[in-house]
Structures are given as C-alpha cells and as structure tokens.
Amino acid sequence: MTPPTLRYHNPVDVRFGEGALQLLPEVLRGRPAVVITFPEAEATGLLPQLRRLLGPQLRGVLDDVEPNPGVPWVEARYAAFWERHAEAVVVAVGGGSTIDSAKLLLGRTSSGCFAEVLAAMRAGQAPAFVAARPLIAVPTTAGTGSEVTPWATLWDRTSAVPTKLSLHAEALWAEVALVDPVLTMTLPDAVTRASALDALSHSLEAIWNRNANPISDALAVEAACGLIAALPRLLNDPRSLLLRREVARCSLLAGLAFSNTKTALAHSISYPLTLRFGVPHGIACSFPLPLVWSMAQGSDPGRDAVLAEVFGPQESNPAGALRAFLESVGVDCSFTAYGVSPEETAGILRTAAHGARGQNFINSHLCVNPTTSS
C-alpha cells in the first residue's frame, strides 16, 4: 500500500538572530504601522526604540495589552482599531499575550463588531472576515511560538463557565516574524522558565500527536533536546546571549513544529489550571508532561521511536527522566502543589481527554488514573 502523502505548510517569513529587530523598516517596505505592545515597553526603552526605527511610518500605539487576553479588552478596542488603523500593518512586539491580542484585532467582520467574532469562537466556528491587516510579529519571550502559528488564544471569563477559546484563521499567519534573542535578555527568571517550558510542551505535544509528520518530528525533537540541554544553563547564567539565542532558536523550532500539528493533551489539561487555579500557562502545560508521556508510551511504535530521540534509546524511563528535568529547573509535577485536589484532578483529566486538543493525543483508549498525577 502506498503511504499517504504528508504535508507541512508554514508561510511565515522568519528572520532570526541578534539585531533582527533592526530589519523592521525593511520588512515594512514603506507601509504605515501600528504597534501593539505591553505596558512596560515604554519604561524598558523598547517602545522608544520602535519609535526611532519607524519614524513617520508609525501611525499609532496600543501599549496596554494584558496577560492572557480576555474578552473585555478586545471588545473595548476592536471597532476603534478598525476605524483608525484600517490601512496599517500591525506590528506586535511582546510575548504570547501581546501577539495573540494583535491577532484578535487582525480580521474585520461585516458588522465591524467583535461580538461577531466571539459568537463564532464560542460556537467552534471560523469567523467570516471581510478584511484583514498584515502582521509582523516580534516576540520578546522565547516560548510562545505564536509568531509562526495561525491561531490566537482568548480567555473567555465572561461566559457562564469561564473557558479558553481559540481563533484559527488563515489571516492570522504573520507575514514576517522577527525573532531577536537580544529582546529576551532582560526577562526575569520566572518568565524565562515558564516561556521555555511552554516551548518544551509544544515540542513534545507535536510528537505524541495524531497530526505529526516527519518535518514536524524533526523540528520537535531538535527543539526538545535543545531546550532540555540549554534551559538549566540559562537559569544559572541569565546574561548569556549565547544561551538566550539557543533557547530562542528552540522555541522557534517548537513553534514551527506545532504550527502544523496543534497541541494535544497536556495543553488541554492546562486550560482549567490557568483559569481556575491561576497557574501560569507555561507551568500549567509543562508540569503534567511526565504524566502524559507515560500515557503516550506504548500507544504507537512509530511515536515511541521519535520520543526515544529526546533522551536517547538507552533511557528506560523517559517519563521519569522528564520529571527529574522539570524538578531540576524548579517545577513540581504534582497537581496538589498547585492547590488541585485529587477529585478535581480526576475531573480535569477526564474533561481534557475529550477536549479538542485532547483529541489530538495518540492514545485513543486513554485511561486516566488520577493517583498517578497527584
């Protein structure tokens, strides 16, 4: 039997390396720009630097992005954004929350109201956009991968049951991603750790995934191996540009991997941990990874072979090795450490297994035993 034809697709023009931010005027090609960034960008000198780079091309700034973008923030800005910046290129400079916030503004509906987008997202449908603005994504953390994916996360805390929504549209691919490791040099240790572990989750989730292909596998293995080697060293030497570059490189590779597979069970587990228990996303999706690895092991020989590349075929207990790694960088892998009771854990795991991302997981006969995770 002829094996199925596999496809890998990612249209983002990636510019990687120290000084990539300086290419912003070049990739704008004379077009007007609106910058979307985080509140601290002014005090850190990043926003003044952007103003100098862009000069008269800069037509506006939104610098009040919130962590984990929510419905009220987007609703309050959506119509005004399209009234004022309908001809501008969107330049998103920040972490995952910033880039996601920018993406949530990118597409215009026929009504001009975000309510139309929100209704489609709540129904699990793609909104009908009548126009979209180009995006240049400039990540200032190493972990999100949003600069090379076609979706954005919206945290819907206004619904009867708070939930995480995902917006997926072709319009959300960035035109260009400028990945400059220098922009991560001043990150606090907590953000460095959580961001890198988010990227590690992206890489492993791309492997134990029904949508995996040889290209995503190669990217994911390289990312996972690099992050496991580099992150402990970076936490011990946070001013090392060499290590910042390596972690940024691996984050980018992980983003390119899961841009084609989406995430899987660990991310599905993470959403209520962030919404209900306040666990930062990078920690919420990474501390369950050893548990999920143990669930993946033995489900598919082909996937086992790829996973074996992460710690090497000589490692007889890769889930245990991953747990030891996470503990070495200060992450507790028990649910109780985050205030989640065994009963709540069991409910979260059951729900996660049936969620959209949980359905990407390779173990179709998932039997969740909460005693292994507490």
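Odds and ends about this structure:
- Selection status of Ala137, at pLDDT 95 or above and either outside any loop (DSSP other than H, G, I, E, B) or under 25 Å from Leu275 (Cα atoms) (or both): yes
- Neighbours by Cβ (under 6 Å, 6+ apart or cross-chain): first from region 81-107, within 20 Å of Ser251 (Cα to Cα) and surrounded by fewer than 24 Cβ atoms within 10 Å (Cβ to Cβ); second charged (D, E, K, R) and at pLDDT below 95: none
- The residues listed here are Arg31, Arg7; of these, the one that is surrounded by fewer than 18 Cβ atoms within 10 Å (Cβ to Cβ), outside any helix (DSSP H, G or I), at pLDDT below 95 and not small (Gly, Ala, Ser) is Arg7.
- Filter result for Leu243 (buried (at least 18 other Cβ atoms within 10 Å of the Cβ) and free of Cβ contacts under 8 Å to residues at least 40 places away in the same chain): yes
- Checking region 80-87 against the condition returns a match, with at least one residue being modelled with pLDDT of 95 or more, farther than 24 Å from Tyr271 by Cβ, of a type in the set (Phe, Trp, Tyr) and assigned to a helix (DSSP H, G or I).
- Among the residues of region 323-331, some residue qualifies, meaning at least one is under 24 Å from Ala194 (Cα atoms), surrounded by 17 or more Cβ atoms within 10 Å (Cβ to Cβ) and without any contact (Cβ under 8 Å) to a residue 60 or more places away in the chain.
- In the set (1) touching a residue at least 60 places away in the same chain (Cβ under 8 Å); (2) farther than 14 Å from Leu273 by Cβ, Pro313 fails one condition alone, (1).
- Enumeration of residues in region 153-189 that are without any contact (Cβ under 8 Å) to a residue 60 or more places away in the chain, under 17 Å from Leu234 (Cα atoms) and of a type in the set (A, V, I, L, M): Met185, Leu187
- Boolean, Arg122 is surrounded by fewer than 22 Cβ atoms within 10 Å (Cβ to Cβ) and either assigned by TED's automatic domain parsing to the domain that holds Ser259 or more than 30 Å from Val27 (Cα to Cα) (or both): yes
- Count - residues of region 149-168 that are modelled with pLDDT under 95 and part of a loop (DSSP other than H, G, I, E, B): 6
- All of Val247, Val310 fail the test of being within 16 Å of the chain's Cα centre (by Cα) and in a helix (DSSP H, G or I), apart from Val247.
The values are calculated or read from the model by the stated rules, or taken from the named source; none is laboratory data. Just so it is clear, the model here is predicted, and its values are computed rather than measured. Heads up, the Cβs are rebuilt from the backbone with ideal geometry, glycines too, and the neighbour counts pull from every protein chain shown.
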